[in-house]
1. Send over the Kirkwood Rh of region 239-320, from the inverse of the averaged 1/r over different Cα pairs, rounded to one decimal Å.
2. Return the FRET efficiency for the residue pair Val216, Asn310: r is the Cβ-Cβ distance, R0 is 25 Å, and the value is rounded to the nearest 0.05.
3. Compute the signed sum of charges (Lys and Arg +1, Asp and Glu -1) over the other residues within less than 13 Å, Cβ to Cβ, of Leu284.
4. Where the centroid of each part is defined by its Cα atoms, how far is region 295-340 from region 221-258 in Å?
5. If you stretched the chain out fully between Val206 and Val154, how much longer would it get, using 0.36 nm times the residue separation minus the C-alpha to C-alpha distance?
6. I'd like to check one number: the per residue accessible area of region 192-343, probe 1.4 Å, reported in Å² as a whole number.
7. Just subtract the alpha-carbon distance of Ala293 and Leu175 from 0.36 nm times their residue separation and send over the number in nm, one decimal.
8. What's the Cα-based Rg to Rh of region 198-241, Rh via Kirkwood?
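The values are calculated or read from the model by the stated rules, or taken from the named source; none is laboratory data. Not measured: the values here are computed from a predicted model. Here the Cβ positions follow ideal geometry from the backbone for every residue, glycine too, while neighbour counts run over all protein chains shown. For the accessible areas, the whole protein counts, side chains as well, though only heavy atoms, and no ligand, DNA or RNA atoms are used. Shrake-Rupley method; radii C 1.70, N 1.55, O 1.52, S 1.80 Å.
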Amino acid sequence: MTTLNDTSRRAFLTALAASGAAAAVVAAPGTVRAAAPDGVGDPGTPATPSAAPRTEAFPTPTSGTSYKFVLGGEFQPTSDPTVPFSKGFGQVQTTAGGLIFFYALNELPTGARITEVMFSVQKTAVSSPDNSTLFIYRMTSGTAIALLNSQNTVALAPQPTEQFVSLVVDPVSPLWVLDNQFDASHWLVVTLGTSARVNSVRIGYVPGPTTPLAFVPIAPKRAYDSRFVAPLGPLPNNTNRVISVADSYVPGTGTLEQTNIIPPTARAIAYNLTVANTLGSGFLSVNPGDAVAPGGSSINWFGPGQLLANGLNVNLNANRQVNVFAGGGGTADFIIDVMGYYV
């Protein structure tokens, strides 16, 4: 399958905005709910931007469902998709009519089934024409688009508080399932027009069945050595370092040996972790590259000048990286040798 890139995605959205085709889409039946009593008040007065989604304002979550929240300020305008739309909760959306804003759902897990798409919107006046529409698309390959559902907000009564619009989800269609780890970035929630602006979106999903990963052994390769490969130097106590394991280097040097020893499809690696030039006592914790805090200890040392090794497995992020945290008071150089990967 041909992977859809950002250029194709943005070209589609830009064309949609220019043609006004989105406004002509007939909305499938949806559910409009009344606002919660703790709405935001008069949106004509700019509010302090919210640091977190207003999760408490949505209707009661469904038991057993996981949620992804997206603030309206996280949407990107197609006019300049590199710059997020700067709008805090409750602030006025000032745009040219028909401009499209989108958000790519790039954090949902493989195999997850979408069970809910709910927009928190505000509508304090009626534009002419009143054609703001909410969408969820799935982009598959090339420039192929699946419009999963949409809802025009023309039925919403103007009021200063939040209103909640649910798109109808097909509970059995495979189109609502993320079929691999890269397609998640090709799910888009989209808003068109200005008569109703999006404060936040709640995406509900159920994690898919767990499929055992297949292990692919390789000849041992040196993916990193802090003594020779940048970023250089021992890892100080209470710091962390994000390391790529995609390529290999000649042992004892910083010379690149081979690219892509770990393919982009790899989900995890089997590796050997070595510490050298230790000072004091301490530990290293090796985690996926997008980890924000250390997990359990991966290796420990108890004095200066030790050379110790340990064999382990670790998940990777989408960029084939691991995040190494140091703790316990000491410092050490470290080496990562890869023995194989999981897909």
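1. Values: mean 1/r = 0.0708 Å⁻¹.
When all Cα pairs of region 239-320 are included, the Kirkwood radius is 14.1 Å.
2. 0.70
3. Neighbourhood net charge equals 0.
4. Taking the Cα centre of region 221-258 as reference, the centre of region 295-340 is 11 Å away.
5. Difference between extended and current length: 15.6 nm.
6. Numbers: 6590 Å² over 152 residues.
Value returned for region 192-343: 43 Å² of accessible area per residue.
7. Numbers: separation 118, 0.36 × 118 = 42.48 nm, distance 3.44 nm.
Separation in residues times 0.36 nm, less the Cα-Cα distance, equals 39.0 nm.
8. On the way: Rg = 20.4 Å, Rh = 16.3 Å.
With Rg and the Kirkwood Rh in hand, the quotient comes to 1.25.
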